[in-house]
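Below is one structure, written out as structure tokens, with a few remarks after it.
The values are calculated or read from the model by the stated rules, or taken from the named source; none is laboratory data. It should be emphasised that the depicted structure is a prediction, and the values quoted were computed from it without experimental measurement. Using ideal geometry, Cβ is built from the backbone for each residue, glycine included, and neighbour counts are taken over all protein chains shown.
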Amino acid sequence: CLWVRNLRLKRRLPGPFAWPVVGNAMQLGQMPHITFAKLAKKYGDVYQIRLGCSDIVVLNGDRAIRQALIQHSTEFAGRPNFVSFQSVSGGKSLTFTNYSKQWRIHRKIAQTTIRAFSSANSQTKKAFEQQIVAEATELVETFLELSTQGQFFNPAHELTVAAANVICALCFGKRYGHDDIEFRALLRQMDQFGQTVGAGSLVDVMPWLQSFPNPVRSIFRNFKCLNKEFFVFVKSKVEEHRQTFDPKVTRDMSDAIIGVFNNADTGTDLSEDHTEATVTDLIGAGMDTVSTALHWIVLLLAKHPEIQAKLHALVDGVVGRHRLPSVEDRTHMPYLDAFIYETMRFTSFVPVTIPHSTTSDVTVTGLDIPKDTVVFINQWSINHDPLRWKNPHIFDPSRFMDENGCLDKDLTNSVMIFSAGKRRCIGDQVAKVEIFLFFAILLHQCSFEKCPDQDFSLNCTYGLTLKPLDYKIRAKLRGELIKSQ
Ligand code: HEM
């Protein structure tokens, strides 16, 4: 029973003293991942905290995290049954569902669909890349318009629209204009999604906060509304696809998923209803993460003009000024990848994964963790471990270059941002291509300058993703504007 489980957890794991009712909730601070890393110095890489009514095990550092997620992949593949998780994708999300046979099949379907539309063969690969190039060139034009007469602007929302458009084009075969007011409003709302499902969100560990007026209740009500609205939006698009569905022609990911669920006999409760949920999951996961990566990239380019100049020289040398960069240029510009890896490491913009839970009793680094324990996985702690990274708090892409001017694969593999094991992100390859192409095209076409009368800090808000606080830049065209073919 729960009581025996909690007693065992209390006995076996180190951790800070937990206060009645709130536990350690008041100690998390504004940046829980940094607090978790500090607690690891005192209690070791595996320790226990209490948040409200939940005992939670926090995993830090490369050894403990990889031991858990890779060596004990099944035992750590669960998700807790948090109240916020039930509001996502009409309650049928694959991301926010516990480990089961049904989840395994659901994940496989999503994985196969992503592959079919991004990398299955040279034709789909090319089509996917062209979508991104078209989106990136439109983004360049929008940035230049917003910079007319030397104005400074906040690029955040345009980057979100651009990332959302790539995944919408994959899912619905349709993109939306930067001036589509309804779409922009929907995305503005979705920006708040990560505040509620990030590790340490209070409503999940103190469900009683829903029963009287307080800020957590308002945030949670807002969260439920935005999920509903987003789901209704996706549902209407999937319904349009159903009306015009032709099994002989698969136009986009929605068609592919409709086709699978029409024909699937999975021996589980997976049904046609899961089509909309799968599409919602993919769009949700694909836009917030990629757009956050791009926010940080643009900010770091503007913050480090000397690095930007080096990147400009590199891209001009390899690509020239008469065409846009392509994926084929990638291997010739390893320093661009070094910049992307350093952005992922340095910002660790998904600092803690989506909360996991244990599917059975398990032992990690000699410590016993019972079944059904909530587990937080602190990716930030791996990316900032001073034993692995020299001066981890300094942004320095050249740390990833070896003495021959090549990418140090050993080091790039040490960065953790897509998690590992059975719950590892299924969009990592798509994300890497997207980020590279957006980055290379923005860099080739524009130079970025920060607003001089603004404190250009690296401060951010915490959630499932770390988002930079508002910042302003301006973009200047470098040479001739090149449009996608
Ligand atoms: C899950 C990172 C882009 C689809 C995750 C998780 C992380 C992550 C940390 C949670 C893993 C865990 O709980 O252990 C990222 C980052 C991205 C990115 C950093 C971009 C830079 C994408 C894209 C897609 C996607 C483009 C889809 C096209 C998913 C899905 C899951 C997931 C479906 C849930 C997997 C599951 O629960 O089994 N991602 N992701 N992600 N990601 Fe991504």
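Considering only residues that are without any contact (Cβ under 8 Å) to a residue 40 or more places away in the chain and of a type in the set (Asp, Glu), which ones fall in region 265-290?
The answer is Asp265, Glu272.
Confirm whether Ala293 is part of a helix (DSSP H, G or I), closer than 30 Å to Asn98 by Cα and touching a residue at least 40 places away in the same chain (Cβ under 8 Å). I'd like the intermediate steps shown before the answer.
Working: part of a helix (DSSP H, G or I): yes; closer than 30 Å to Asn98 by Cα: yes; touching a residue at least 40 places away in the same chain (Cβ under 8 Å): yes.
So Ala293 fits the description; yes.
When the residues of region 88-111 are filtered to those that are among the polar types (S, T, N, Q) and surrounded by fewer than 15 Cβ atoms within 10 Å (Cβ to Cβ), which remaining residue is farthest from the ligand (Cβ to nearest atom)? Explain how you work it out, then say what you get.
At the first step, the residues of region 88-111 found to be among the polar types (S, T, N, Q) are 89, 93, 95, 97-98, 100, 102, 111.
Then drop every residue that is not surrounded by fewer than 15 Cβ atoms within 10 Å (Cβ to Cβ), which leaves 100, 111.
Numbers: Ser100: 12, Gln111: 8 Å.
Looking at residues that are among the polar types (S, T, N, Q) and surrounded by fewer than 15 Cβ atoms within 10 Å (Cβ to Cβ), I get Ser100.
Answer with yes or no whether Asn165 is in contact with a helix residue (DSSP H, G or I) (Cβ under 7 Å, 6 or more places away or on another chain), of a type outside the set (Ser, Thr, Tyr) and either modelled with pLDDT of 95 or more or closer than 29 Å to Arg478 by Cβ (or both). Outline the logic, then answer.
Details: in contact with a helix residue (DSSP H, G or I) (Cβ under 7 Å, 6 or more places away or on another chain): yes; of a type outside the set (Ser, Thr, Tyr): yes; either modelled with pLDDT of 95 or more or closer than 29 Å to Arg478 by Cβ (or both): yes.
So Asn165 passes the test.
Going through region 254-284 one residue at a time, which ones are touching a Gly at 6+ places or on another chain (Cβ under 9 Å) and outside any helix (DSSP H, G or I)?
Asp273
So is Arg251 in contact with a helix residue (DSSP H, G or I) (Cβ under 9 Å, 6 or more places away or on another chain), surrounded by 12 or more Cβ atoms within 10 Å (Cβ to Cβ) and not in a helix (DSSP H, G or I) or not?
Values: in contact with a helix residue (DSSP H, G or I) (Cβ under 9 Å, 6 or more places away or on another chain): yes; surrounded by 12 or more Cβ atoms within 10 Å (Cβ to Cβ): yes; not in a helix (DSSP H, G or I): yes.
For Arg251, the condition - in contact with a helix residue (DSSP H, G or I) (Cβ under 9 Å, 6 or more places away or on another chain), surrounded by 12 or more Cβ atoms within 10 Å (Cβ to Cβ) and not in a helix (DSSP H, G or I) - is met.
Residue by residue through region 317-357, note down the ones that are closer than 16 Å to Phe436 by Cα, among the polar types (S, T, N, Q) and within 12 Å of the ligand (Cβ to nearest atom).
Within region 317-357, Thr343 is the sole residue that qualifies.
Give me a count of the residues in region 312-356 that are assigned to a loop (DSSP other than H, G, I, E, B), in contact (Cβ under 8 Å) with a residue 12 or more places away in the chain and of a type outside the set (A, V, I, L, M). Walk me through how you get there before you give the answer.
From region 312-356, those assigned to a loop (DSSP other than H, G, I, E, B) are 320-326, 333, 348-351, 353-355; that's our starting set.
So of that shortlist, the ones also in contact (Cβ under 8 Å) with a residue 12 or more places away in the chain come out as 321-326, 333, 348-351, 353-355.
Next cut, of a type outside the set (A, V, I, L, M) only: 321-323, 325-326, 348-349, 351, 353, 355.
Residues meeting the conditions: 10.
Just to be sure before I move on: is Asp428 out of contact with any strand residue (DSSP E or B) (no Cβ under 8 Å at 6 or more places or on another chain), charged (D, E, K, R) and under 20 Å from Cys460 (Cα atoms) in the structure I sent? Spell out the reasoning first.
Working: out of contact with any strand residue (DSSP E or B) (no Cβ under 8 Å at 6 or more places or on another chain): yes; charged (D, E, K, R): yes; under 20 Å from Cys460 (Cα atoms): no.
When the stated conditions are applied, Asp428 does not pass them.
Is it fair to say Leu301 is at pLDDT 95 or above and out of contact with any Ser or Thr (no Cβ under 8 Å at 6 or more places or on another chain)?
On the way: at pLDDT 95 or above: yes; out of contact with any Ser or Thr (no Cβ under 8 Å at 6 or more places or on another chain): yes.
In short, yes.
Return the only residue of Phe339, Phe376 being under 28 Å from Arg79 (Cβ atoms) and buried (at least 18 other Cβ atoms within 10 Å of the Cβ). Full working, then the answer.
Numbers: Phe339 fails: under 28 Å from Arg79 (Cβ atoms).
Of Phe339, Phe376, the one residue that is under 28 Å from Arg79 (Cβ atoms) and buried (at least 18 other Cβ atoms within 10 Å of the Cβ) is Phe376.
Kindly state which helices (runs of 4 or more DSSP H) lie completely within region 376-485 and contain at least 1 residues that are of a type in the set (A, V, I, L, M, F, W, C) and within 16 Å of the ligand (Cβ to nearest atom).
Working: elements: 379-383, 409-412, 428-445.
Counting at least 1 such residues, we get 379-383, 428-445.
From the list Leu301, Leu367, pick out the single residue that is more than 14 Å from the ligand (Cβ to nearest atom), surrounded by fewer than 23 Cβ atoms within 10 Å (Cβ to Cβ) and over 18 Å from Val433 (Cβ atoms). Give the derivation first.
Numbers: Leu301 fails: surrounded by fewer than 23 Cβ atoms within 10 Å (Cβ to Cβ).
Selected residue: Leu367, the only one of Leu301, Leu367 that is more than 14 Å from the ligand (Cβ to nearest atom), surrounded by fewer than 23 Cβ atoms within 10 Å (Cβ to Cβ) and over 18 Å from Val433 (Cβ atoms).
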